[in-house]
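Accompanying notes for the structure given below.
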Amino acid sequence: MKQLYLTLEDVNVSGRTVLVRVDINSPIDPDTGKVQSDTRIRLHAKTLKELADHKAKVVVLAHQGRKGDPDFVPLKSHAETLEKVLGRPVKYVDDVAGEKAVKAVKELKPGEILLLENVRFHPDETVNRSSEEHAQSQLVKSLAALADLFVLDGFSVAHRSHASVVGFTHLLPSVAGRVMEAELSVMDKITKEVKKPFLCLLGGSKVEKGSEFVEFLLSKNVDLILTGGLAGNLLLYARGVNLGEANLEVLKRKRLLEHAERMGEVLERNPGKVKVPVDVAVKADDGRRVELKVSELPSEHLICDIGSETISLYVEAVRKAETIFVTGPMGIYEEEAFSKGTFEVFKAIADSNAFSVASGGHTVSALRQFDLAGKFTYTSIAGGAFLEHMMGKRLPGVEGLKAAAERWRKA
Ligand code: 3PG
C-alpha cells in the first residue's frame, strides 16, 4: 500500500535547517511556572536527537497553554528540561518569528537544537484561518524562508488548524516525525480491538468534546462510561447538583459550562450507562482531603478528587471489563492528598487483563508518576486529537502531511 505521508526515512537532513513542530504542552507548577512533568518532552526528544545526530540544524516550534490560562508561560523551562533529557545543549530564544528568532536560526550549526518561544505568543498562530491563509502569515513565511524541511511530530496538536501545524506543509517538503508515526500506528490498532464489556473512563479538564465523545461511544455500544475530574463535575452540574461557587467558577474559566446542556441531554437518554461520582474529595482550608457525599454538596472548597465510595464502584467496574479506554485523570493527581482516585482506578486497570488504552498528556504523566507506565496495552500522549481521530474526524495536521506527500510524489 502506498504510504499516505512521508517520514524521516524519506529525507536527507544533513546540513539542512529543519523546522520541527512538537507538542511539549506540559503540566506547569503554579508556584514556579516551570515544567512539572517531562513526559511529552522525553518522547519528542527522540525525534530531535535523531535529527541532530544526522547533523540537521534543528529549529523547534511548540506551544504551552492557552491565552488567559495560568499555564500560558514562556518555554524557557521547557528548553532547560529538554537539555537535561537530551544531555546536550539546547538553545532558546524568547521570540517566535521576529528579528531575534531569525538571527538565532541563521546562526545555528549542524547538530544544534534551538527552541523558539511559545508559538501561541505570536498573534498569527491561533487565528481562525484556512491552511492556505496560514501559509501566507508572517509567522509561517518568515520561518519557512529559512528552512529546508518541515517535520510535524505533534500528533496531539494535529487537530488544531493553527499556523505552525498546517501552514508550513504548503511551503516546505513535509514529513511525519517519529512520535507522529508511532501515534498514528497505535490509532490504527486500537480501533480494531474493542471487545465487550467495553468501559470508558472520562476525566481530566479538557472535556469540550466530552458530550460528542460520549455520544460517539454510546453509538459504538460502550457498556459503561465512568466520569471524574472536571468531566465528573460538569456531569454532576448537568444533573442539577449545586457544586458551590468555587467549583462553578472553575467550570466557567475552563469554558465548560456551555457544554452542560448537551451533556445533560446525553445523560438523560442514557442514565444507566454514564456514571457520575457518588462522593468527592474537597481541599479544606488547611489543604487536607475531606470527603463529602454528593448529597452534601455544595461546598465552598474545590473538588479535587473522586471519593472512596466512587473509587470502589469504579474499581469493581474495571475488574469486569475486557476493553478499557481512559482519557483524563480522576482529580488533581499531582497533589498527594488528591492522587488516590486516579491511582487506585489506574492501578486496577494496570492489574487487569483487559485491553487498555490511556490517552492524553496528563493521563500519561499520571501513569509515569505512579510507576504504571508500560502496564497499559497502549498509551497515547494525545488528548483532544486522540478523541477526534477515534471519532473518525480528519485532523488538519495529518491532512497537511498527506497533501504534502502527494505534491512531493507529483513533483
Ligand atoms: C493537548 O494538550 O491536548 C495539546 O497540546 C493541545 O492543546 P490545546 O487543547 O490547548 O489546543
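The values are calculated or read from the model by the stated rules, or taken from the named source; none is laboratory data. In this text the structure is predicted, and so the values were computed from the model without any measurement. Glycine also receives a Cβ, built like all others from the backbone with ideal geometry; neighbour counts cover every protein chain displayed. Ligands, DNA and RNA are stripped out before the accessible areas are found, and what is left, the full protein with its side chains, is counted by its heavy atoms. Shrake-Rupley method; radii C 1.70, N 1.55, O 1.52, S 1.80 Å.
Suppose we keep only residues that are open to solvent by less than 50 Å² (accessible area, probe 1.4 Å) and not in a helix (DSSP H, G or I) within the stretch 371-408. Which one would you say is farthest from His170 (Cα to Cα)?
Leu372
Could you tell me which numbered condition His63 fails, if it satisfies all but one of (1) farther than 14 Å from Glu117 by Cβ; (2) within 16 Å of the ligand (Cβ to nearest atom)?
Single failed check for His63: (1).
Select, from Val151, Val105, the only residue that is in contact with a strand residue (DSSP E or B) (Cβ under 7 Å, 6 or more places away or on another chain) and within 30 Å of Lys209 (Cα to Cα).
None of the other options fit; the residue is Val151.
Does Lys91 fit the bill of being open to solvent by 70 Å² or more (accessible area, probe 1.4 Å) and either touching a strand residue (DSSP E or B) at 6+ places or on another chain (Cβ under 6 Å) or of a type in the set (Phe, Trp, Tyr) (or both)? Full working, then the answer.
On the way: open to solvent by 70 Å² or more (accessible area, probe 1.4 Å): yes; either touching a strand residue (DSSP E or B) at 6+ places or on another chain (Cβ under 6 Å) or of a type in the set (Phe, Trp, Tyr) (or both): yes.
Answer is yes for this residue.
I'd like to know if the stretch 274-292 contains one or more residues that are surrounded by 15 or more Cβ atoms within 10 Å (Cβ to Cβ), over 30 Å from Phe376 (Cα atoms) and at pLDDT below 90.
No, that holds for no residue.
Against the conditions (1) in contact (Cβ under 8 Å) with a residue 60 or more places away in the chain; (2) assigned to a helix (DSSP H, G or I); (3) open to solvent by 40 Å² or more (accessible area, probe 1.4 Å), where does Gly341 fall short? Just the number, please.
Every condition holds for Gly341 apart from (3).
Taking the residues in the stretch 185-212 that are in a loop (DSSP other than H, G, I, E, B) and hydrophobic (A, V, I, L, M, F, W, C) as candidates, determine which candidate is nearest to Thr323 (Cα to Cα). Before you say what the answer is, go through the steps one by one.
First pass over the stretch 185-212, keeping only residues in a loop (DSSP other than H, G, I, E, B): 191-197, 203-209.
The next check asks that each one be hydrophobic (A, V, I, L, M, F, W, C); those that pass are 194, 207.
Numbers: Val194: 6, Val207: 21 Å.
Across the stretch 185-212, the extreme among qualifying residues is Val194.
Condition (residue is within 16 Å of the ligand (Cβ to nearest atom) and at negative phi) applied to the stretch 94-102: is it met by at least one residue?
Looking through the stretch 94-102, none of the residues is within 16 Å of the ligand (Cβ to nearest atom) and at negative phi.
Evaluate the following for Glu215: is it assigned by TED's automatic domain parsing to the domain that holds Leu401, part of a helix (DSSP H, G or I) and open to solvent by 20 Å² or more (accessible area, probe 1.4 Å)?
For Glu215, the condition - assigned by TED's automatic domain parsing to the domain that holds Leu401, part of a helix (DSSP H, G or I) and open to solvent by 20 Å² or more (accessible area, probe 1.4 Å) - is not met.
Just to check your reading of the model, which residue among Gly204, Gly229 is in contact with a helix residue (DSSP H, G or I) (Cβ under 8 Å, 6 or more places away or on another chain), under 17 Å from Gly384 (Cα atoms) and assigned by TED's automatic domain parsing to the domain that holds Val282? Don't jump to the end; show me each part of the working.
Working: Gly229 fails: in contact with a helix residue (DSSP H, G or I) (Cβ under 8 Å, 6 or more places away or on another chain).
So the residue among Gly204, Gly229 that is in contact with a helix residue (DSSP H, G or I) (Cβ under 8 Å, 6 or more places away or on another chain), under 17 Å from Gly384 (Cα atoms) and assigned by TED's automatic domain parsing to the domain that holds Val282 is Gly204.
Restricting attention to the stretch 172-185, and to residues there that are aliphatic (A, V, I, L, M) and closer than 18 Å to Arg394 by Cβ, which single residue is nearest to the ligand (Cβ to nearest atom)?
Here is the first cut: in the stretch 172-185, the residues aliphatic (A, V, I, L, M) are 172, 175-176, 179-180, 182, 184.
Still in the running and closer than 18 Å to Arg394 by Cβ: 176, 180, 184.
Details: Ala176: 17, Met180: 13, Leu184: 16 Å.
The extreme case among them is Met180.
Every residue in the stretch 218-241 that is within 23 Å of Ser308 (Cα to Cα), β-branched (Val, Ile, Thr) and outside any strand (DSSP E or B), please.
Scanning the stretch 218-241 gives a single hit, Val241.
Give the residue that is nearest to the ligand (Cβ to nearest atom), with candidates limited to residues of the stretch 143-171 that are open to solvent by 30 Å² or more (accessible area, probe 1.4 Å) and within 23 Å of Ala104 (Cα to Cα).
That would be Leu171.
Picking from Gly210, Gly228, which residue would you name as being open to solvent by less than 10 Å² (accessible area, probe 1.4 Å) and within 16 Å of the ligand (Cβ to nearest atom)?
Gly210
Are any residues in the stretch 49-68 under 22 Å from Asp29 (Cα atoms) and touching a residue at least 24 places away in the same chain (Cβ under 8 Å), and if so, which ones?
Leu61, Ala62, His63, Gln64, Gly65, Arg66, Lys67
Select from the stretch 39-60 the residues that are in contact with a strand residue (DSSP E or B) (Cβ under 6 Å, 6 or more places away or on another chain) and outside any helix (DSSP H, G or I) and write down the one among them that is nearest to the ligand (Cβ to nearest atom).
Val60
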